[in-house]
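**Q** What follows is a single structure, and I will ask about it in a moment.
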Amino acid sequence: MTVKDSAPMNILALEPYYGGSHKIFLDHLVAGSVHSWEVMSLPPRKWKWRMMHSAWTFSEEISNLYPDETLPDIIFCTDMLNLAEFKGLMPARFADIPIVAYFHENQLTYPTHYEKARDRYFGWINVTTALAADSVWFNSEYHRSSFLDAVTYRIKKAPDCRPANLADKIRAKSIIIPQGIEKRLLRNEGRRHSAGPLRILWAARWEFDKNPGDFFDALRIVRERGIDFRLSVVGGKTRGENEIFDRAEKEFADYIDHWGFLDSSEEYEQVLAESDISVSTAIHEFFGISIAESVAAGSFPVVPERLAYPEVLKEDHRDAGKESFFYNGSIEELALKIERCSDLLKDEQSLWQGDPLRGIRKIKKFYWEKVTDAVDQALENMKSCY
């Protein structure tokens with residue numbers, strides 16, 4: 001039986017951190033799903049406090065949302081919820097409802113400046129949430145694998161009471177449901193955006209795990225080699241990384257087209273559409289939404305061959321002989337990559353080298369219509385097991 005053949009279900013979504021990618025993902029599911037969604041959410045502030053209190057906050061509110069014998073068919077929550085605690089606190093009449101836990105990120109492998117600073121309590125909340133869920137969804141295979149490897153590693157380091165096969169138990173009930181991107185981003189794929197120098201985009205959170213220092217170091221090498229370029233660095237300021245960006249803004253002032261936070265999605269999409277290449281230097285990325293969006297808008301990705309990027313932008317035989325999306329992660333290799341892209345634009349007027357649909361082939365599976373269809377099918381498969 002397909003989703004279209006079955007009766008729509010009632011899904012209760014519990015989102016402790018209703019902002020950013022969490023909000024975008026949930027809003028698209030509610031808008032595009034064939035099922036009916038009810039959302040309980042909390043504002044995107046103080047994430048540690050949300051992970052600590054949302055279980056009992058939601059457990060008290062759920063009876064008000066369902067005051068009679070009507071119950072949801074499935075409960076959907078994200079990694080910010082302490083699901084094991086929620087299941088212990090929720091009214092008994094909800095006990096038999098199957099629960100999905102969607103992992104946008106996890107606190108067990110999320111990078112910190114210093115490993116000793118990691119608060120492992122929140123990582124273990126993620127582990128118990130995965131164990132308590134009936135189905136666990138990750139946004140990439142890289143995310144699932146790195147999380148489960150970390151579970152095994154941490155258990156081996158425990159002083160005693162080391163439960164066996166925790167990772168295997170989670171893996172057995174897990175699937176991959178990626179983040180979605182807007183199909184409307186597709187604009188004249190494969191073209192040279194405009195005359196002039198190479199237009200470089202760096203779009204990410206302004207935090208250390210996105211490794212901005214390497215990006216600016218590579219630009220210094222490119223500049224010293226006499227290569228002209230235009231620069232857009234967009235994202236949001238944070239408390240930790242502003243100094244790097246403040247220095248770079250002054251240093252590259254003569255090269256800058258756009259800098260900092262963009263006020264609207266329309267502005268952001270326009271910057272994507274104007275860029276020739278979109279660069280990542282990340283040391284952490286569970287999916288890579290900004291890179292996928294930039295490719296949809298026609299920008300050529302230049303990314304390190306690590307993290308989720310080889311999965312999201314997997315190359316195949318049709319890419320043979322064409323400029324690769326990947327570099328080895330070093331500053332020098334990134335500088336060479338940028339230089340090659342500049343030369344290609346001069347010689348061929350396009351980085352796609354006669355294959356304008358190359359980027360679209362990589363990311364069309366992430367269009368929201370496909371993601372919501374996959375979610376609906378996964379929900380239907382889950383319900384049929386209960």
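**Q** Hey, TYR386 hits all of (1) within 27 Å of ILE75 (Cβ to Cβ); (2) touching a Ser or Thr at 6+ places or on another chain (Cβ under 9 Å); (3) surrounded by fewer than 20 Cβ atoms within 10 Å (Cβ to Cβ) but one; which does it fall short on?
**A** Evaluating TYR386 over (1) within 27 Å of ILE75 (Cβ to Cβ); (2) touching a Ser or Thr at 6+ places or on another chain (Cβ under 9 Å); (3) surrounded by fewer than 20 Cβ atoms within 10 Å (Cβ to Cβ) leaves (2) as the failure.
**Q** Same structure again: Of the conditions (1) over 24 Å from HIS22 (Cα atoms); (2) at pLDDT 90 or above; (3) not acidic (Asp, Glu), ILE75 clears all except one; give me its number.
**A** Of (1) over 24 Å from HIS22 (Cα atoms); (2) at pLDDT 90 or above; (3) not acidic (Asp, Glu), only one is false for ILE75: (1).
**Q** If a residue has to be in contact with a Ser or Thr (Cβ under 7 Å, 6 or more places away or on another chain) and modelled with pLDDT of 90 or more to count, how many in segment 118-136 make the cut?
**A** Looking only at that region, the number is 1.
**Q** Name the one entry in ALA378, ALA374 that is of a type outside the set (D, E, K, R), out of contact with any strand residue (DSSP E or B) (no Cβ under 7 Å at 6 or more places or on another chain) and over 18 Å from ARG318 (Cβ atoms). Lay out the reasoning, then the answer.
**A** Values: ALA378 fails: out of contact with any strand residue (DSSP E or B) (no Cβ under 7 Å at 6 or more places or on another chain).
Result: ALA374 is the single residue among ALA378, ALA374 that is of a type outside the set (D, E, K, R), out of contact with any strand residue (DSSP E or B) (no Cβ under 7 Å at 6 or more places or on another chain) and over 18 Å from ARG318 (Cβ atoms).
**Q** Identify, from the list ILE291, ILE283, the residue that is over 19 Å from PHE229 (Cα atoms), under 19 Å from the mean Cα position of the chain (by Cα), among the hydrophobic types (A, V, I, L, M, F, W, C) and surrounded by fewer than 16 Cβ atoms within 10 Å (Cβ to Cβ).
**A** On the way: ILE291 fails: surrounded by fewer than 16 Cβ atoms within 10 Å (Cβ to Cβ).
After ruling out the rest, the residue left standing is ILE283.
**Q** While we're looking at this one, here's another question. Can you tell me how many residues in segment 289-317 are assigned to a loop (DSSP other than H, G, I, E, B) and either modelled with pLDDT under 95 or of a type in the set (D, E, K, R) (or both)?
**A** Residues of segment 289-317 assigned to a loop (DSSP other than H, G, I, E, B): 297-299, 305-308, 313-316.
So of that shortlist, the ones also either modelled with pLDDT under 95 or of a type in the set (D, E, K, R) (or both) come out as 297-299, 305-306, 314-316.
The total comes to 8.
**Q** Next up: Looking at ALA130, is it free of Cβ contacts under 8 Å to residues at least 24 places away in the same chain and either outside the structural domain of ALA297 (by TED's automatic domain parsing) or out of contact with any strand residue (DSSP E or B) (no Cβ under 6 Å at 6 or more places or on another chain) (or both)? If you could, list the steps in order and put the result at the bottom.
**A** On the way: free of Cβ contacts under 8 Å to residues at least 24 places away in the same chain: no; either outside the structural domain of ALA297 (by TED's automatic domain parsing) or out of contact with any strand residue (DSSP E or B) (no Cβ under 6 Å at 6 or more places or on another chain) (or both): yes.
The answer is no for ALA130.
**Q** Does GLU115 fit the bill of being among the acidic types (Asp, Glu) and at pLDDT below 95?
**A** yes
**Q** If you don't mind, there's one more thing I want to ask. Mind checking which pairs have a first residue in segment 326-338 that is on the phi > 0 side of the Ramachandran plot and a second that is outside any helix (DSSP H, G or I) and among the polar types (S, T, N, Q), Cβ under 9 Å, 6 or more apart or different chains?
**A** Sorted first by the residue in segment 326-338, then by its partner, the pairs are GLY329/THR281.
**Q** Has segment 271-293 got at least one residue that is in contact with a strand residue (DSSP E or B) (Cβ under 9 Å, 6 or more places away or on another chain) and over 27 Å from ARG358 (Cα atoms)?
**A** Within segment 271-293, not a single residue is in contact with a strand residue (DSSP E or B) (Cβ under 9 Å, 6 or more places away or on another chain) and over 27 Å from ARG358 (Cα atoms).
**Q** Could you list, in sequence order, the residues of segment 1-23 that are crowded, with 16+ Cβ neighbours inside 10 Å and modelled with pLDDT of 95 or more?
**A** Of everything in segment 1-23, those that are crowded, with 16+ Cβ neighbours inside 10 Å and modelled with pLDDT of 95 or more turn out to be MET9, ILE11, LEU12, ALA13, LEU14, GLU15, PRO16, TYR17, TYR18, HIS22.
**Q** I'd like the residue in segment 146-165 that is of a type outside the set (Asp, Glu) and over 26 Å from ILE283 (Cβ atoms) and, out of all such residues, is modelled with the highest pLDDT.
**A** Step one: list which residues in segment 146-165 are of a type outside the set (Asp, Glu), which gives 146-148, 150-159, 161-165.
Still in the list and also over 26 Å from ILE283 (Cβ atoms): 158-159, 161-165.
Numbers: ALA158: 84, PRO159: 87, CYS161: 83, ARG162: 85, PRO163: 85, ALA164: 83, ASN165: 90.
Filtering segment 146-165 for residues that are of a type outside the set (Asp, Glu) and over 26 Å from ILE283 (Cβ atoms), the one modelled with the highest pLDDT comes out as ASN165.
The values are calculated or read from the model by the stated rules, or taken from the named source; none is laboratory data. Not measured: the values here are computed from a predicted model. Backbone-built Cβ (ideal geometry, glycine too); neighbour counts: all protein chains shown.
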